[in-house]
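Asks: Sending over a structure as structure tokens; questions will come in a sec.
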Amino acid sequence: MHARPDVPVRLIVIDDHPLFREGVGSLIARTDDIELVGHGATGHDAIRLVRELHPDIILMDLHMPDLDGIRATRTITATDPHVKVIVLTMLDDDESVFAAIRAGARGYVLKGAERGSLLRAVRAVAHGEALLGGAIAKRVLDHLATGTARPEPETTRPQPATARPAADSPASGATDTDIARLTPREQEVLSLIATGLRNHDIATRLFISERTVGNHITSIFRKLQIADRTQAVIRGRQAALHHRPEP
């Protein structure tokens with residue numbers, strides 16, 4: 001997590017349109033807390049630049065030649081978990097949204113969004129938050145509420161032999177068994193994560209230290225077999241919906 005306010009967030013941009021990369025570069029150049037350290041045009045460029053430049057955040061397009069953004073995101077988040085990926089794309093279809101979340105993206109911002117939205121996403125993700133654009137977040141919650149979240153196509157998401165069943169994936173409903181693995185305090189922390197609170201705010205709300213909050217979150221991730229805060233937000237909101245009393 002990038003937690004030093006005196007050090008700029010190190011950012012790379014991966015997009016196969018040079019004019020778009022230049023536009024993002026111009027926007028970042030006007031900030032003091034974000035530094036553009038590199039850019040590329042393919043998913044392979046992204047993987048290489050992570051090794052060479054050690055960025056904090058990647059702005060990642062989805063549809064690119066050679067290696068697409070979903071597969072590149074999955075590779076990077078698996079091998080370099082300290083690097084956070086924000087998907088920046090024109091695509092807002094359900095398949096793309098859920099595929100990006102499953103791949104480990106911490107943010108999803110549409111290219112048509114206002115410039116301030118992009119900067120807010122970078123700063124939020126740099127501080128350990130997950131950020132989906134307003135329209136995207138609504139779509140995710142709508143799908144969770146109706147139970148119609150679309151699975152990622154098998155052609156782009158190969159399942160290892162030890163993978164959990166699809167019905168127990170982060171984009172499907174959280175079951176009573178899942179939540180029962182958590183202690184009451186862990187359930188409380190998970191519910192606060194789902195509301196968008198950061199560790200500091202959770203610690204203040206529960207009158208515990210940030211270190212204790214971090215320990216609870218580590219335990220939650222292990223018990224629910226999830227990899228990041230984005231999945232925790234989804235699981236927490238699923239649990240709230242799952243346990244919501246019938247009208």
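Readers should treat all values here as calculations from the given coordinates under stated rules, not as data from a laboratory. Remember, it's a predicted structure, so these values are computed and weren't measured experimentally. All Cβ positions, even for glycine, are placed from backbone atoms using ideal geometry, and neighbour counts span all protein chains on display.
Asks: In which sequence would Phe98, Phe221, Phe207 go, from the one with the fewest C-beta neighbours within 10 Å to the one with the most?
Replies: Ranking Phe98, Phe221, Phe207 by Cβ neighbours within 10 Å, fewest first, gives Phe207, Phe221, Phe98.
Asks: Moving on to the next point. Going by C-beta contacts inside 10 Å, put Met60, Met90 in order with the fewest on the left.
Replies: Ordered from fewest to most neighbouring Cβ atoms within 10 Å, Met60, Met90 come out as Met90, Met60.
Asks: Turning to a different aspect of this structure: Considering amide H positions built from the backbone, and no H for Pro or chain starts, which residues 5 or more places from Lys84, or on another chain, come under 5 Å of its amide H?
Replies: Ile57, Ile58
Asks: With a ≥ b ≥ c taken as the square roots of the eigenvalues of the C-alpha gyration tensor of the range 9-140, please select rounded if a/c is under 1.5 and otherwise prolate if a/b is larger than b/c or oblate if it is not?
Replies: rounded
Asks: With +1 on each Lys and Arg Cβ and -1 on each Asp and Glu Cβ, how big is the dipole of the range 9-140 about its Cα centre, in debye rounded to the nearest 20?
Replies: The calculation lands at about 320 debye.
Asks: Moving to a separate point now. Around Ile76, with a cut-off of 11 angstrom between Cβ atoms, what is the net charge of the other residues, counting Lys and Arg +1 and Asp and Glu -1?
Replies: +4
Asks: Then there is this: Enumerate the amide H contacts of Met64 below 5 Å, restricted to partners 5 or more residues apart or on another chain; note that Pro and chain-start residues carry no placed amide H.
Replies: The list, which skips near neighbours in sequence, is Gly69.
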